[in-house]
Amino acid sequence: MLGSMQDWPLVVPQILDHAMRFHGEREVVTRSVEGPIVRTTYAQIHSRSRKVAKALTRRGIKLGDRIGTLAWNTGRHLEAWYGIMGIGAICHTINPRLFPEQIAYIVNHAEDRMIFVDLTFVPLLEKIAKQIDVVETYVILTDKAHMPQTSLKNAIAFEDLIGNIDDDFNWVKFDENTAADLCYTSGTTGNPKGVLYSHRSNVLHALAVNGGDCVGAKSTDTLMPVVPMFHANAWATTFACPSVGAKMVMPGAKLDGPSVYELLDTEKVTITAAVPTVWQMLLTHMEANNLKLPYLKKVMIGGSACPPSMIETFEKKYEVEVMHAWGMTEMSPVGTIGSFKSGMEDMPWSEQLKVKSKQGRAMFTVEMKITDDNGKDLPHDGKAFGHLMVRGPAIARAYFKGEGGRHGTDSIVDKDGWFDTGDIATLDPLGFMQITDRAKDVIKSGGEWISSIDVENVAVGCPGVAIAAVIGVAHPKWDERPLLIIVRKPDSKVTKEEVLKYLEGKIAKWWMPDDVAFVNEIPLTATGKIQKVTLREQFKTYKLPTA
Ligand code: AMP
């Protein structure tokens, strides 16, 4: 027997309609790419998104067409985003930090008919325009006054696209399983692969992210996603915030410490989210200038492991709660978040820090387990570590166009629906998960595994160390041994001996790096993670003193 409730499709436009009806006055504040701070509201965003939808329809864009965006977090990007999805076209967010050849590859692979592009990235697209002739029209996210001279095909200013159009438009009706947006991940091997979110998966994910134990933003909150919209929907905040009427602050192109601080402070941001490298820049700026953040309540940190020293600084020095989170583009992207369970508020800080340093608990809609190399389930005892497997309604079961499918199918999950995250992790009896490594980054020494993340987390707490990366280097006796690679803080002269002394007693003896190398820069991926592949290549012929 079926239930007799209303069939209310879970589609993204419902989110913006709700924001317009019940939070129309709530602000969306942007540091515009042109410079000034621009203030708008959900009512205005709703109206202008409908204009985008109407303009696209007039230009022949239809259900299922892909439209690219190469843009920072801004109000205009949000309008393009909802306008595209509102007619059942697919919003393909392009990561500008990818190599130009990769951008050309994904634009062609996605067959983007139009691209909405920020002024910043016009030169980048001009360089590859000949390789991406699938694109029929470029919409520059600006107004007439700021329109650049450009060779881009049929270029038009965003404000001109919607200038003479009214907002009398009804969102197109379609099934909730219709594709909504597309985000390529370069986390896998080979070419970047497209993760194709559906309207339903986005709505369910937004509801889960709004849970009290998750990000839990409320209408009274002001949330600034520093994490870009091209990094998995700005971690779902672009859907979660309008659905509860939280004010949004969009940082535009400026993600440096002083610019991020300024917005957090002047806009009285209560919740923010980004990768650890962004917070490192903010903390350095705050420490150098003796600044505080009286309004900020929570900072969500993920994308790569958050070092305990960073958690301690936020919590103890600045009284900001850290929510350590883990996820993947394939997971919409949030999988776990480290909010306390009952009783943990009363634990001593040293114990709390241990909990907070883990990647957190699965939120509802995410199932999680760990398995050994043969696919056998491992115990959730906090000790056994294995391949982290996930499944749920906002987790990919295939990549766009069936790339990377298993056994000649398009499926990327096993017969029971589990997706292998490529991460190695432990799960404790209370459900807290801790990543020890990416499977391809673990260091295999004498048949045992050394967690590069654990060593990095400790090393980065050493005074004078700005960034720490650990890779395995070939060793005649042990197969591989860890090499610690460090970028010093400006003006620091920290030595190998000082770093090794600092590590002593904080990690297992046999995990101690065999050597420490100092470099000026550590390569980061397009989503701000340490690029271990490049580092391993760079240190391929490195001779360890112990070899
Ligand atoms: P992406 O799809 O670019 O978001 O990358 C996903 C990968 O980033 C995961 O599979 C992890 O390897 C890594 N990652 C994300 N969050 C964390 C975290 N909190 N700690 C450690 N690794 C993380």
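Read-outs: derived from the displayed coordinates by stated rules, not from any lab. The structure presented is a predicted model; accordingly, all values stated were derived computationally and were not measured. In this analysis, Cβ positions are derived from the backbone assuming ideal geometry, glycine residues included, and neighbour counts consider all displayed protein chains.
Placing dummy labels 7 Å off each Cα toward the beta-carbon, the span from Glu126 to Arg406 is 4.8 nm. What the Cβ-Cβ distance of Leu63 and Asp256 gives, at R0 = 45 Å and to the nearest 0.05, is a FRET efficiency of 0.65. Here segment 12-365 carries DSSP beta bridges of which approximately 35% are antiparallel, counting only pairs with both residues inside.
Does segment 441-538 classify as rounded, prolate or oblate by the C-alpha gyration tensor (a ≥ b ≥ c root eigenvalues; a/c under 1.5 gives rounded; else a/b over b/c gives prolate, otherwise oblate)? Because a/c hits 1.5 or more and a/b fails to exceed b/c, segment 441-538 counts as oblate. Shown is the FRET efficiency for Lys496 and Ala384, computed with R0 = 45 Å from the Cβ-Cβ distance and rounded to the nearest 0.05: 0.85. Mean sequence separation of contacting Cα pairs (under 8 Å, at least six apart), scaled by the length of segment 116-256, corresponds to a relative contact order of 14 percent.
By the count of neighbouring beta-carbon atoms within 10 Å, fewest first, Leu483, Leu125, Leu63 end up ordered Leu63, Leu483, Leu125. If contacts are Cα pairs under 8 angstrom and at least 6 residues apart, what is the relative contact order of segment 251-321 in percent? Relative contact order comes out at 34 percent. For the pair Glu287 and Ala145, the difference between a 0.36 nm per residue extended length and the Cα-Cα distance amounts to 47.2 nm. Distance from the Cα centroid of segment 327-404 to that of segment 498-531 is 25 Å (rounded to whole angstrom). Only Cα sites of the chain enter the Debye sum here, all with the same form factor; the resulting log10 I(q)/I(0) across q = 0.11 1/Å is -1.01, listed in q order. Straightening the chain between Gln538 and Arg397 buys 47.3 nm, computed as 0.36 nm per residue apart minus the Cα-Cα spacing. Applying a threshold of 24 Å to the alpha-carbon distances of Lys247/Lys297; Lys376/Lys477; Lys496/Lys532; Lys193/Lys358; Lys477/Lys540; Lys51/Lys247 flags Lys376/Lys477; Lys193/Lys358 as lying beyond it.
If R0 is taken as 30 Å, the Cβ-Cβ distance between Ile37 and Ser219 corresponds to a FRET efficiency of 0.85.
When the dipole is taken about the Cα centre of the chain, and only Lys, Arg (+1) and Asp, Glu (-1) are charged at their Cβ, what size is it in debye, to the nearest 20? The dipole magnitude comes to about 360 debye. A simple count of charges around Asn202, restricted to other residues whose Cβ falls under 11 Å of its Cβ and scoring Lys, Arg +1 and Asp, Glu -1, yields -1. Neighbour counts of other Cβ atoms within 10 Å put Cys214, Cys91, Cys241 in the fewest-to-most order Cys214, Cys91, Cys241. Need one word for segment 252-351: rounded, prolate or oblate. Basis is the Cα gyration tensor (sqrt eigenvalues a ≥ b ≥ c); a/c below 1.5 gives rounded, then a/b vs b/c decides. Oblate is the answer for segment 252-351, as a/c is 1.5 or above yet b/c matches or exceeds a/b.
Mark the label point 7 Å from the Cα of Lys341 along Cα→Cβ and return the residues of segment 418-438 whose backbone N is within less than 14 Å of it. Under 14 Å, as judged by backbone N against the label point of Lys341, lie 427-434 of segment 418-438. The ranking of Trp418, Trp279 by Cβ neighbour count inside 10 Å, starting from the fewest, reads Trp418, Trp279.
Rounded, prolate or oblate for segment 63-186? Axes are the square roots of the Cα gyration tensor eigenvalues, ordered a ≥ b ≥ c, and the cut-off for rounded is a/c under 1.5. Judged from the Cα gyration tensor, segment 63-186 comes out oblate (a/c at least 1.5, b/c at or above a/b). Considering segment 383-425, its Cα convex hull presents a mean projected area of 3.6 nm².
Take every pair of alpha-carbon atoms less than 8 Å apart whose residues are at least six positions apart; their mean separation over the length of segment 342-412 yields a relative contact order of 20 percent.
With 0.36 nm allotted per residue and the present C-alpha distance subtracted, the Asn170-Lys440 stretch has 92.4 nm of extension available.
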